[in-house]
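*Asks:* Got a structure for you, written out below as structure tokens; questions coming shortly.
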Amino acid sequence: MIDPNLLRNHLEEVAKNLQKRGFAIDIAKMQQIEEARKSFQVKTQHLQNQRNTLSKAIGQAKAKGEDVKSLLTEVDAATQNLAQCQVELDVLLQQQQEEWSYFPNLVHDSVPVGKDETANVEIRRVGTPKTFDFPVKDHVELTDASHAIDFEASAKLSGARFVVLRNQVARLHRALAQFMLAVHTQEHGYEEFYVPYLVEPQTLYGVGQLPKFAEDLFHIKGERALTLIPTAEVSLTNLVRETILPAEALPLKFVSHTPCFRSEAGSYGKDTRGMIRQHQFDKVELVQIVTPEESYNALEQLTQHAETILKRLELPYRVVALSSGDIGFAAAKTYDLEVWLPSQQQYREISSCSNTEAFQARRMQARFRPQANAKPELVHTLNGSGLAVGRTLIAVLENYQDKEGNVHVPPALYPYMDGIKVISLS
């Protein structure tokens, strides 16, 4: 959530920043709510002071043996007025808070300005796409004969946009996740977590998934209001919710491998072929909790950590700075990593690495104390895929295929494949 002080005192500046996203604030409406809030706040304080003054007067009158009946009547009236005023103030505060909860984060000054992905800016390319001397197959064609990626079986079980993986391709999928976790924990210093896949509304609110993206989530039916996580970022980031951390505990670096569940409500008709866009997919998620001064250094570091996986797998990729019109709701700045898919002859997103600054921390009340007796300050939170396992699997299958229809296992995965170096898919 954006700083309430900015929203109350610098609303036009906030609106100007959010216009870069294509998000419009109804300034007149927000100012009307704020003026009403101020009015009721003043009235509430006046009635509190009036009640306190009358209470003192009653005490003084009683000490003198005077009749206090009229004063008691006035106190009762002030108390009733105060209660009514407080109810109306609470309604306004709730309305204001609800309006603010739909406001996306302010974008950082370095973010390219544009209405959509066409304004994204390429930062660098790493690796050269391989030239094939035979017709390249996509991951669906490669595995069609062997049913190693079986969409018919998954459709029978769950319908569209699910997948069943078989045999050595399933093993490769597991190997990729194990490899990613090993690199991030052993080399990059992340602490590994196993986290719940079902979370409460407050947990989703904390990272900005609710209330805005309720339709993109899978909500379960039952006695409790629980929702399947769309990413491990939800669970990992909330580990510091309602916490005051000592400065020396920062930075915190978390990693977790989980399935992710997304209804893709706003993506109807997109990437319907294969595994590119699924309702259920696996991801190794990176989260960092840092001080405000370090958050943009941490964004560069986290992005490089995700890049390491692509470099070790020797997959060509590029890094792209997302424009203001393409950036996520909670992010102040985002880098996308896009891996080369030879069947599509283009780079496709495989990771998003974002700095949300204090946006999530304010919703979660996640703070740190700079010094022993100092006032707590909000932490900054960052997240990124390190990487999306299914899309990495696709990239490996397509980039490491040969003309016989086999897939050669990248050397970095040999320790995780029990000696399997070639996967036969014919």
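The values are calculated or read from the model by the stated rules, or taken from the named source; none is laboratory data. The structure displayed is predicted, hence computed values, not measured ones. Here the Cβ positions follow ideal geometry from the backbone for every residue, glycine too, while neighbour counts run over all protein chains shown. What goes into the accessible areas is simple: the full protein's heavy atoms, side chains included, and nothing from ligands, DNA or RNA. Shrake-Rupley method; radii C 1.70, N 1.55, O 1.52, S 1.80 Å.
*Asks:* Could you tell me whether any residue of the range 17-24 is open to solvent by less than 90 Å² (accessible area, probe 1.4 Å), of a type in the set (Gly, Ala, Ser), free of Cβ contacts under 8 Å to residues at least 12 places away in the same chain and part of a helix (DSSP H, G or I)?
*Replies:* Within the range 17-24 (the criterion being open to solvent by less than 90 Å² (accessible area, probe 1.4 Å), of a type in the set (Gly, Ala, Ser), free of Cβ contacts under 8 Å to residues at least 12 places away in the same chain and part of a helix (DSSP H, G or I)), the answer is no, since none of the residues qualifies.
*Asks:* Filter the range 178-236 for residues that are of a type in the set (Asp, Glu) and free of Cβ contacts under 8 Å to residues at least 24 places away in the same chain and give the result.
*Replies:* GLU223
*Asks:* Of the numbered conditions (1) part of a helix (DSSP H, G or I); (2) farther than 16 Å from GLY127 by Cβ; (3) in contact with a strand residue (DSSP E or B) (Cβ under 6 Å, 6 or more places away or on another chain), ALA395 satisfies every one except a single condition; which is it?
*Replies:* Single failed check for ALA395: (2).
*Asks:* May I ask you to say which residue of ALA177, ALA155 is small (Gly, Ala, Ser) and closer than 30 Å to LYS253 by Cβ?
*Replies:* Selected residue: ALA177, the only one of ALA177, ALA155 that is small (Gly, Ala, Ser) and closer than 30 Å to LYS253 by Cβ.
*Asks:* Continuing with this model, one more query. So which residues in the range 398-416 are more than 14 Å from LEU315 (Cβ to Cβ) and in contact with a strand residue (DSSP E or B) (Cβ under 9 Å, 6 or more places away or on another chain)?
*Replies:* Answer for the range 398-416, where residues must be more than 14 Å from LEU315 (Cβ to Cβ) and in contact with a strand residue (DSSP E or B) (Cβ under 9 Å, 6 or more places away or on another chain): ASP402, GLU404, GLY405, ASN406.
*Asks:* Exactly one of (1) out of contact with any Lys or Arg (no Cβ under 9 Å at 6 or more places or on another chain); (2) part of a strand (DSSP E or B); (3) farther than 21 Å from TYR205 by Cβ is unmet by SER352. Its number?
*Replies:* (3)
*Asks:* Can you pull out the residues in the range 390-421 that are over 19 Å from GLN344 (Cα atoms) and either hydrophobic (A, V, I, L, M, F, W, C) or under 31 Å from the mean Cα position of the chain (by Cα) (or both)?
*Replies:* VAL409, PRO410, ALA412, LEU413, TYR416, MET417, ILE420
*Asks:* Confirm whether PHE254 is among the aromatic types (Phe, Trp, Tyr) and either closer than 25 Å to HIS108 by Cβ or at pLDDT below 95 (or both).
*Replies:* Yes.
*Asks:* Taking into account only those residues within the range 28-39 that are of a type in the set (A, V, I, L, M, F, W, C) and open to solvent by less than 50 Å² (accessible area, probe 1.4 Å), which is farthest from TRP100 (Cα to Cα)?
*Replies:* ALA36
*Asks:* All but one of (1) without any contact (Cβ under 8 Å) to a residue 60 or more places away in the chain; (2) among the hydrophobic types (A, V, I, L, M, F, W, C); (3) under 30 Å from GLN209 (Cβ atoms); (4) open to solvent by 10 Å² or more (accessible area, probe 1.4 Å) hold for VAL422; state the number of the condition that does not hold.
*Replies:* Single failed check for VAL422: (3).
*Asks:* Every residue in the range 41-64 that is surrounded by fewer than 15 Cβ atoms within 10 Å (Cβ to Cβ) and of a type in the set (Lys, Arg), please.
*Replies:* Those that are surrounded by fewer than 15 Cβ atoms within 10 Å (Cβ to Cβ) and of a type in the set (Lys, Arg): LYS56, LYS62, LYS64.
*Asks:* Mind checking whether some residue in the range 347-366 is more than 28 Å from LEU181 (Cβ to Cβ) and of a type in the set (A, V, I, L, M, F, W, C)?
*Replies:* yes
*Asks:* Within the range 65-111, track down each residue that is of a type in the set (A, V, I, L, M, F, W, C), in a helix (DSSP H, G or I) and in contact (Cβ under 8 Å) with a residue 60 or more places away in the chain.
*Replies:* Within the range 65-111, just TRP100 meets the criteria.
*Asks:* Return the pairs, sorted by first residue and then second, in which the second residue is assigned to a strand (DSSP E or B), the first residue lies in the range 340-354 and is free of Cβ contacts under 8 Å to residues at least 12 places away in the same chain, the beta carbons are less than 9 Å apart, and the residues are 6+ apart or on different chains.
*Replies:* Hits for this filter: GLN346/GLU338; GLN346/TRP340.
*Asks:* What pairs come up if the first residue lies in the range 307-324 and is on the phi > 0 side of the Ramachandran plot, the second is surrounded by fewer than 18 Cβ atoms within 10 Å (Cβ to Cβ), and their beta carbons are under 7 Å apart, counting only those six or more places apart or on different chains?
*Replies:* Pairs found: GLU314/GLY127.
*Asks:* Are any residues in the range 128-140 surrounded by 11 or more Cβ atoms within 10 Å (Cβ to Cβ) and not charged (D, E, K, R), and if so, which ones?
*Replies:* PRO129, PHE132, VAL136, HIS139, VAL140
*Asks:* Now, a different point. What are the residues in the range 112-122 that are in a loop (DSSP other than H, G, I, E, B), open to solvent by less than 60 Å² (accessible area, probe 1.4 Å) and either over 21 Å from TYR347 (Cα atoms) or touching a Gly at 6+ places or on another chain (Cβ under 7 Å) (or both), if any?
*Replies:* Across the range 112-122, the qualifying residues are GLY114, ASP116.
*Asks:* Further, regarding this structure: Of the residues ASP67, ASP76, only one is loosely packed, with under 11 Cβ neighbours inside 10 Å and either closer than 30 Å to TYR335 by Cβ or among the charged types (D, E, K, R) (or both); which?
*Replies:* When all the criteria are applied, what remains is ASP67.
*Asks:* Limited to the range 165-196, what total is found for residues that are open to solvent by 20 Å² or more (accessible area, probe 1.4 Å), under 27 Å from the mean Cα position of the chain (by Cα) and within 18 Å of THR258 (Cα to Cα)?
*Replies:* Count: 10.
*Asks:* Failed condition for ARG125, given (1) free of Cβ contacts under 8 Å to residues at least 40 places away in the same chain; (2) closer than 30 Å to VAL407 by Cα; (3) within 31 Å of the chain's Cα centre (by Cα); (4) open to solvent by 80 Å² or more (accessible area, probe 1.4 Å), with all others met?
*Replies:* Status for ARG125: all satisfied but (1).
*Asks:* If you don't mind, another one. For the range 323-344, how many residues are within 20 Å of ALA395 (Cβ to Cβ), open to solvent by 10 Å² or more (accessible area, probe 1.4 Å) and in a loop (DSSP other than H, G, I, E, B)?
*Replies:* Here the count works out to 2.
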